[in-house]
Amino acid sequence: MTDTTAHGHTSSTGISNVKLGMWTFLGSECLLFGGLISTYMLYRGRVTGGPRPSQIFDIPFTSVSSFVLLMSSLTMVLAVSAAHKGEDRKTNLWLTVTALLGATFVGGQVYEFTAFYNEGLGFSTSLFGSSFYTLTGFHGVHVTVGIIMLMSLVGIFKRSEVPGKKAEVVEMIGLYWHFVDIVWIIIFTLVYLIPV
Amino acid sequence: MAIIEREIEVMAPMVATPTSTYGVLKRPVAATGWRAWVFTVDHKKLGLMYGVTAMFFFIVGGVEALLIRLQLAAPNGKVLNADLYNQMFTMHATTMVFLFVMPMAAGFANYFIPLQIGARDVAFPRMNALGFWMFLFGGIFINLSWFIGGAADGGWFMYAPNSGPVFSPTHGIDFWAFGLQITGIASLTGAINLIVTVLNMRAPGMTLMKMPIFTWMMTVVQFLLLFAVPVITVALFLLSFQRNFGARFFDVAAGADPLLWQHLFWIFGHPEVYILVLPSFGIVSEVLPVFSRKPLFGYPFVVFSGAAIGFVGWGVWAHHMFASGLGPVSVAVFSLTTMAIAVPTGVKIINWILTMWGGKLVFSTAMKFSIGLIVLFTVGGLSGVTHSVAPSDTQQTDTYYIVAHFHYVLFGGGVLGIFSGLYYWWPKMFGKMLNERLGNWNFWLMVIGMNLTFGPMHILGLQGQPRRMYQFTEARSGEGLFNFAFWNLVASIGSFVLTIGILLFLINVVITARNPTKSPLDPWNSRSLEWMTSNPPKEHNFDVIPTVHHLDEFFHRKYEEDPATHTMRQIATAEEIMAEQERNADAHIHMPSPSYWPIVLAFGLPVITFGMIFSHLIAVFGAVIVFFAAFGWALEPSTAPASDFETNNSAPSTALDTVGKS
Amino acid sequence: MTSETTHIATSAEHSENHGMSDAGYIRIAAILAAITALEVSTVYVDFGPLFLPALLIMMVVKFIMVVSYFMHLKFDNKLFSLMFYAGLVLAVGVYAAFLATFKFFIQ
């Protein structure tokens, strides 16, 4: 996850390769999550056995964990801001806080999945179950990958110089993190708040 | 995701002991031997590796096709049983689409895009290597299923619920789905890499509208891949989850809609057909002007019609599903959009014809293949338009008429374009010209063979021969001109003519490799930047990065217009331009260093997917490989210190340090 | 993807100056939190026919705020916006058409 600009040290557009690549990747991710969300929307009401969405969703709980993820975006952007100013200790602090908030969110998701499972919604129970766990699970994996990257970054910063421009590395992971957050903004509304 | 830069100096620094390194392993440095290939990040080497691997899979897919044609050559075919026949046509299509045409195009793109835009490498060289290894391992993974219980047998579009464990209990479809997932990631990384390369790394002065047309068409293809691959990724995940973890996505008993798969598959699948054919359009648009001695007619039209095909290609997917009961509104809409997409394709054909119009045509083998493409692709395009008419399509769906159509566009379009490119760029890649006389035979046998093979399929289809019929009886084969048995025999004979044509190409390659004659520097009198390098190009491509003033920059350096007669007169030869470049060579050239991590990381993925099918413990092991490879990758410093190499503290390599001297 | 982009020479560092202060980020976060609270309230307060459009609009506003400010898209090179919004618009268009073929919107 390091960076240099083009070989000739100038690029045709004056922007960094890595950042352009990251945004290109995020554009592609829109179609990945779009497909998963559409699959859920198509199947959310199809329950031949087991609980219906409205019977098991715990809106207050999910609202809190959504809020936690939203706030992790704030701490992430503060980390990026500190990194650009060259404030290493502040960067590390905010990165750690972001990772902790992310971990709280994932922990909440694990708790939620367990609760749903105990209430009779398994992966194979119904189309709702399969598509719900697939969509939110994919998102959870993305968050987890983000946490690993954040923690690795903190660890590497403590040990040694990171290859590439430090601030840009933080910024790239930030872009990824915010993207995961905006996907949850959509999931929270479409999956949890709009009843079937 | 980095460019590992290493400054190549005339005198390598002498370092006695390695300083602390971030990577776990030392950097590999070898200019010769297998290590020079396995750990390379050089776009040209990777391009060749893509090409060779794709050629291997072309032969595999070809053998599968021959077995199919042998089975259908006569009534009551006994070559394959029904089960094996299903596997054969599924794997034939999968191999040809995902493991031959796509990687072959990726190979051309890798090799020629940096050369055509005047760059020294791609934006992310290690990611480029990763893409190749993922493609190779994914391809091997899919084909492993032949030896472990049988290959996928659901047809290349693997319709649900037929692809469920009930109807296909072997692991074939599991291998297929996971393998395509891996090659899909390869395509995605390749797409991101090449898009950034094209947008960010063009030579000074090369605006987008001065880019060579092949680069343009490949860029459109990369955008299609970028946005289409995630859709098939979703579909393949749903399928794998259903087959391996008990999800219900295509389980009709649970209320599922099997059309979900069809939609997701074809939302990917229709852009995919343009992914297959646009690279060849790009090649033809390079070859025709060179051998017509005229600039490409209406360059902006070719560019924008290519982009338009890419765009409209997203709105036509449901024409693959007219017979599935979509409802009249959907059918009408997709029928109209399908007719509309014929327009930009027609624009291209007109541009090609007008490029040749009034030109001084040179009928080299490359040119013949390009003209072959124009003619045969048009045949396939016309039968395609008949599919856009929904009532007619309802008759043709799942008959051999469809088989005829897509072989005319994919073989007549895609494959002939690829061969045109091979003949045209062979001297650039290997410094030797393919034998033109053998090439002539190669071309004619392929064209005659393909028409004999796929032409009769129009008749067979309209007579109602179903697409995946594995056997037909004597009694039902009919009589007279519309006799099933007769036309099937013709098609089978044709497939062997075609095979001889392709064998001639391989023979040509061997003969050329043994022939010591070197190719001239500019054998075809070409127009674009890739010919402004030596044959084959040096590792750093250009001694000096050219400043671009024209579309067809190389041509304009060789010729200028005589103001009196308005004809072009030669002002420099290719040799003089090269000599000029070498005199002004850059003193310090940064080239990316080789790396172990791409191949290691790529190897972890099939281990994971293998574990997903057989034992989750193996999957964990694969994940550990990927995890550590990713760390090794991320920790490789962007400028490798000289001590971080595995040599005896001497010069990093022999071939490389000539770079600074020239 | 027009040729003009070639001549836009905004570097990442340069655009940073047009970014926001930390206080600005906190303001944005506060607005996002408030919208989220409003979203959650729709479960408990009856919004009548406004329910669905209000929720969707709030979702889009939050989305765009995070993308524009936290992800800096508003201040960055237009090429980034092009790459991202191309994917987003394509995804919305294609999947909306896909759901429409299932008569999803007229249930």
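The values are calculated or read from the model by the stated rules, or taken from the named source; none is laboratory data. The model shown is predicted, which means the values in this text are computed figures rather than measured ones. Every residue, glycine as well, gets a Cβ built from its backbone with ideal geometry; the counts of neighbours run over all protein chains shown. The area values use the complete protein model at the heavy-atom level, side chains included, leaving out ligands, DNA and RNA. Shrake-Rupley method; radii C 1.70, N 1.55, O 1.52, S 1.80 Å.
Average accessible surface for the stretch B:71-173: 25 Å² per residue, computed with a 1.4 Å probe over protein heavy atoms with every protein chain in place.
Report, in deg cm²/dmol and to the nearest 500, the calculated mean residue ellipticity at 222 nm for the protein assembly as shown, where each DSSP H run with n ≥ 4 adds -39500 (n - 2.57) and the sum is divided by the residue count. Roughly -21000 deg cm²/dmol at 222 nm, from the helical runs in the protein assembly as shown.
Given a 1.4 Å probe, how much area per residue of the stretch A:55-196 is accessible, in Å²?
On the way: 4900 Å² over 142 residues.
Per-residue accessible area for the stretch A:55-196 comes out at 34 Å².
Ranking A:80, C:61 from most to least accessible surface, computed with a 1.4 Å probe over the protein chains only, gives C:61, A:80. For the stretch C:40-99, which chymotrypsin sites (Phe, Trp or Tyr not before Pro) are both in a DSSP coil and crowded by at most 11 other Cβ atoms within 10 Å? Within the stretch C:40-99, the qualifying chymotrypsin sites (Phe, Trp or Tyr not before Pro) (loop, at most 11 other Cβ atoms within 10 Å) are C:44. Under 5 Å from the amide H of residue B:591 lie the amide H atoms of B:6, B:8, each residue being 5 or more positions distant or on a separate chain, with H modelled from the backbone and absent for Pro and chain starts.
Put simply, the convex hull of the Cα atoms in the stretch B:531-618 casts, on average, a shadow of 10.3 nm². Cross-link reach is defined here as a Cα-Cα straight distance under 26 Å, omitting same-chain residues fewer than 8 places apart; for residue B:78 none of the lysines meet it.
The percentage of C-alpha pairs in the stretch B:168-305 whose separation is greater than 19 Å is 61%.
Exposed loop sites are taken as GluC sites (Glu not before Pro) in a DSSP loop (any state but H, G, I, E or B) with at most 15 other beta carbon atoms within 10 Å; the longest stretch of chain B without one runs B:1-473.
Here the scattering of chain A is modelled by Debye summation over its C-alpha atoms, one equal scatterer each and no solvent; at q = 0.14, 0.16, 0.17 Å⁻¹ the log10 of I(q)/I(0) is -0.83, -1.00, -1.08. Each chain gives up part of its surface: C and A jointly bury about 4100 Å² of accessible area, both sides summed, for a 1.4 Å probe. Taking every alpha carbon pair in the protein assembly as shown, what does the distance histogram look like in 20 angstrom bins from 0, in percent? The distribution over the protein assembly as shown is 13, 45, 34, 8, 0, given as percents. Computed with a 1.4 Å probe over protein heavy atoms only, the accessible area of residue B:444 comes to about 130 Å².
On association of chains C and B, roughly 1600 Å² of accessible area becomes buried (total for both chains; probe 1.4 Å). Excluding same-chain residues fewer than 8 positions from residue C:78, which lysines have a Cα within less than 16 Å of its Cα? Filter leaves A:19. Of the residues B:336, A:74, ranked by 1.4 Å probe accessible area with the largest first, the sequence reads B:336, A:74. When every Cα-Cα distance of chain B is counted in 20 angstrom steps from zero, the calculated P(r) takes the values 18, 51, 28, 4, 0 percent. Surface calculation, 1.4 Å probe, protein heavy atoms: residue A:119 sits at approximately 100 Å² accessible.
Kirkwood-based Rg over Rh for the stretch B:357-399 (C-alpha set), two decimals? Let's see the in-between values first.
Numbers: Rg = 15.9 Å, Rh = 12.6 Å.
With Rh from the inverse mean 1/r over Cα pairs, Rg/Rh is 1.26.
With every protein chain kept in the model, how would you rank C:103, B:558, A:158 by accessible area, 1.4 Å probe, largest at the top? Please report the intermediate quantities before stating the final value.
Working: C:103 110, B:558 0, A:158 155 Å².
The most accessible residue leads, giving A:158, C:103, B:558.
Of all lysines in the structure, the ones whose alpha carbon falls short of 30 Å from that of residue B:518, not counting any fewer than 8 places away in one chain, are B:44, B:45, B:294, B:360, B:368, B:428, B:432, B:538, B:558, B:661.
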